[in-house]
1. Which of (1) surrounded by 21 or more Cβ atoms within 10 Å (Cβ to Cβ); (2) farther than 16 Å from ASP36 by Cβ does CYS119 not meet, given it meets every other one?
2. Report those strands (runs of 3 or more DSSP E) wholly inside segment 97-152 carrying at least 3 residues which are in contact (Cβ under 8 Å) with a residue 24 or more places away in the chain and under 14 Å from the mean Cα position of the chain (by Cα).
3. Within segment 43-62, which residues are modelled with pLDDT of 80 or more, of a type in the set (Phe, Trp, Tyr) and more than 15 Å from ARG166 (Cβ to Cβ)?
Amino acid sequence: MANYAMAIDLDRCVGCGACVMACKAEWGVADKHRRDWVIPIQPEGEFPDAIESTFYVGLCNHCDEPSCVSACPTGATYKDIDGRVLVESDLCIGCGYCVTACPYGARYLNPETQKVDKCDFCKTRMDAGAKEPACVEVCISDARIFGDLEDRHSELWQKLVHHDTRRIATEEVDLKPNVYYLGDEHHVRQILAHFPLKKELTEPPQPAQVWTRWILPLTAAAIGLSFSGQALAFFYQLYKGEPPTEE
């Protein structure tokens with residue numbers, strides 16, 4: 001059992017966007033959507049006291065107290081034993097409550113599948129034998145560090161122990177995120193100033209809404225299957241030359 005997390009060195013990121021392109025290619029991310037992002041933030045202040053520009057490198061924070069999990073009415077969103085927040089597509093009904101519950105904007109509703117998608121730390125890729133997510137592998141400046149918080153020999157653990165790190169959280173919104181930021185302390189402040197966390201998180205849906213979006217379609221499917229079974233039985237009796245059963 002692992003406890004996966006990621007660190008991002010804001011001083012090393014050059015803003016090339018290779019991580020974003022690798023993610024899109026790996027997972028076929030829908031147009032105009034993203035699993036991760038690199039957003040430039042312009043310098044603030046005036047010379048010589050201006051704060052230099054930086055890049056907001058973001059993704060799902062795989063929080064220890066994820067608001068998306070509590071907002072999901074079907075259990076499709078969950079946190080696995082290795083610390084990753086995942087989405088079980090077969091259970092997702094596309095209600096979008098988890099999307100609005102995430103204060104980082106790290107989820108989206110796929111317009112083609114009508115299922116929610118997000119970064120999962122490349123779980124399928126890792127299960128197949130890869131040592132790190134696609135975004136980490138292609139980073140030309142080694143700004144992304146991925147690893148297991150339980151492994152004291154990992155590069156990630158060493159970074160967190162020997163460097164000052166910060167997480168994107170505030171007193172109002174602190175979901176215990178597992179993405180850590182290294183580098184100039186002003187950079188994280190810039191990120192929070194430009195992309196403040198949403199304070200009002202979505203309340204879980206009411207039972208009636210779940211009924212409309214999930215139970216009713218399943219009921220309709222069950223009725224359809226029942227009707228199909230009766231029709232097959234009827235035509236089978238005709239084929240065998242037996243009189244239809246009267247009910």
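1. Here CYS119 clears every test but (2).
2. Working: elements: 107-109, 116-118, 144-148.
Where strands (runs of 3 or more DSSP E) fall fully within segment 97-152 and carry at least 3 residues being in contact (Cβ under 8 Å) with a residue 24 or more places away in the chain and under 14 Å from the mean Cα position of the chain (by Cα), they are 116-118.
3. Within segment 43-62, the subset modelled with pLDDT of 80 or more is 54-62.
Adding the requirement that they be of a type in the set (Phe, Trp, Tyr) leaves 55-56.
Of everything in segment 43-62, just one residue is modelled with pLDDT of 80 or more, of a type in the set (Phe, Trp, Tyr) and more than 15 Å from ARG166 (Cβ to Cβ), namely PHE55.
The values are calculated or read from the model by the stated rules, or taken from the named source; none is laboratory data. Values in this document were obtained by computation on a predicted structure and should not be read as measured data. Please note: Cβ atoms are built from the backbone with ideal geometry, for glycine as well, and neighbour counts cover all protein chains shown.
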